[in-house]
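What follows draws every value from the coordinates through simple rules; no lab data is involved. These figures come from a predicted structure and were not determined experimentally. Reconstructed Cβ throughout: ideal geometry from the backbone, glycine too, with neighbour counts over all protein chains shown.
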Amino acid sequence: MQKIKIAMIDRDFRLYRNSLVKALYDAGIDVTVIAPYNSEDINLIKNSKWLKPIMLPYPYLNIKPFRLLYKSLVISNNILARDGFIKKLNPSIIHMQGISFPLFEFFLERKFDIPKIVTVHNIVPHEESFYNYLKILKRVYQKKGFNAFIVHSETCKNILCSYCLTNCNRVFVIPHGCSEVKIIKKNEARTKLGLPLYVYPLILFFGYIRKYKGLTYLIKSLSYVQKDFPDVKLVIAGREMYDNFARYKKLINEEGLAEKVIIRNGYIPEDDADLYFQSADLMTLPYTNFTSQSGVLMRAYSNQTPVVVTDTGAMGEIVRKDATGNVVSPNSVKDLTDGILRILSDKKMQENAKRNMQLLVRTKYNWQKIAEDTIALYKKLL
C-alpha cells in the first residue's frame, strides 16, 4: 500500500478540521492543509498552505456596489491558489471539508484524476441564498469524480440521499468527533467568567446567533421555566451571524426577563468556551430547522453538560441513542419548556447523561477513533 498523502481542503470548519488533522498526523498520515490563513493555526498545523485573498490591499472594493465583484475576485484567486497547491503537492486523495465554491467545483473532477472525498457538514444551507445553491450543490455531488461523502449520522445520510443523490453507495457515516477536556468545579468555572455562583438552574445558549437556532423559542420558554425555578438564569454567549441581536433584546424586555438573562453578545475566546459549558446546568439547542450534526452539541459532550435539543438534523438521533438529554419537537415553546423542566427536575437523569457523555467521548467520539474510520475509508478508495 502506497503512503497515503492527503490534501485537506477547508474554508469554514476550522475547529473540526484541526482536530481531525491532528489525529491523522498522530496515526502517521501525511496531511497538508489548504485553508484560509488564521494566525491561531500556525502552531497547530505542521503542513499548511494558506489562502490569502489577493484583493486585501483594495478594501474600497468591499463596499456596495462593488462587494459582489470584490468577493468574486477573492474567490477566484483562492481557487487558483488552492488548485496550484494541490498540483504541486500531488496528493493521493483530496479530502474537502464541505463544498466551498459550488459554482466552480464542476471543474475539479477534470483537473485532478485522484479520489475525492467530501465531508458534508451542512447538507442544506442554513440561510437562503440569492441563487439556487441547493440545485447547484446537487449537481456537484452527482459528479462521478466525487468518490465518497462523509456524514456524521444515519439521519444525515438519509437527508443527503433524499436531497442530492440517487443512491447512497458513496455515502459513509463517520461520527463528529470531540475531545476530552479538563473538568473543573462548576463554581470555579462561574467565578472565572463572572457568572452568579449559587443559582440553579443556569441554562446555556452558546455559539453563533442565527435565526434558525430558535433563540426566540428559548426566551419565550424561559417565562414558563421561571415559574417552577424562580432562580433560573439564561446565559446567551455568542455573536450574531445573518441576524440582528436587537430583536432578542426587545423580546427579553417584552417578556419581563431582563433580570433572568445574562448576555455575552460577542466573540467568545476559545479559552473561555469550555468554561461556559462547565458553568451550566443545562445546554439548549432549540433549532427550528437543521440538516446537519452540531459541533456545539459535541462540545457539550466534551464538557459533560446535559442537553435539550430539538428533533432536527442529526441531533435528535444522537441524543436519543446516547441518552444524554431530552429531545423535543422544534418550533414549540410548550414542548421546549416541558423538555427543560423534565431534566431540571430529575437529578438522576442529569447524572446519567454526564456519565454517558464521559464514556462516549472516550470511545465512540474520540478523535483517534474518528481518524481510524477515516483512514479505513482512504484505504478503501486507493
Extreme residue, positive dipole direction of the chain, given options PHE13, TYR163, SER76 (C-beta unit charges)
SER76
Given charges at Cβ of Lys, Arg, Asp, Glu: the chain dipole, positive-most of ILE268, GLN278, HIS121:
HIS121
Segments 286-292, 9-15 sorted - mean Cβ within 10 Å per residue, highest first:
286-292, 9-15
For semi-axes √(5λ) of the Cα gyration tensor in Å the list reads (i) 37, 24, 20; (ii) 27, 25, 21; (iii) 32, 25, 23; the calculated value is entry (i)
Using per-residue counts of other Cβ atoms within 10 Å, averaged over each peptide, order 332-344, 294-306 from highest down.
294-306, 332-344
Nearest 10, in degrees from 0 to 90: the angle of helix 215-228 to the longest Cα principal axis of the chain is 30
Let's see if you can work this out: charge +1 on each Lys and Arg Cβ, -1 on each Asp and Glu Cβ, no other charges. What is the dipole magnitude of the chain about its Cα centre, in debye to the nearest 20?
920
Helix-only mean residue ellipticity at 222 nm, the chain, DSSP H runs n ≥ 4 weighted -39,500 (n - 2.57), per residue, nearest 500. What is it?
-12500 deg cm²/dmol
Answer with one residue from TYR217, GLY194, VAL308: the one whose Cα lies farthest towards the positive end of the charge dipole of segment 186-311, charges on Cβ with Lys, Arg +1 and Asp, Glu -1.
TYR217
Using a Gaussian network model of the chain with C-alpha springs under 10 Å, which one of TYR141, TYR163, TYR198 is most mobile by mean-square fluctuation?
TYR198
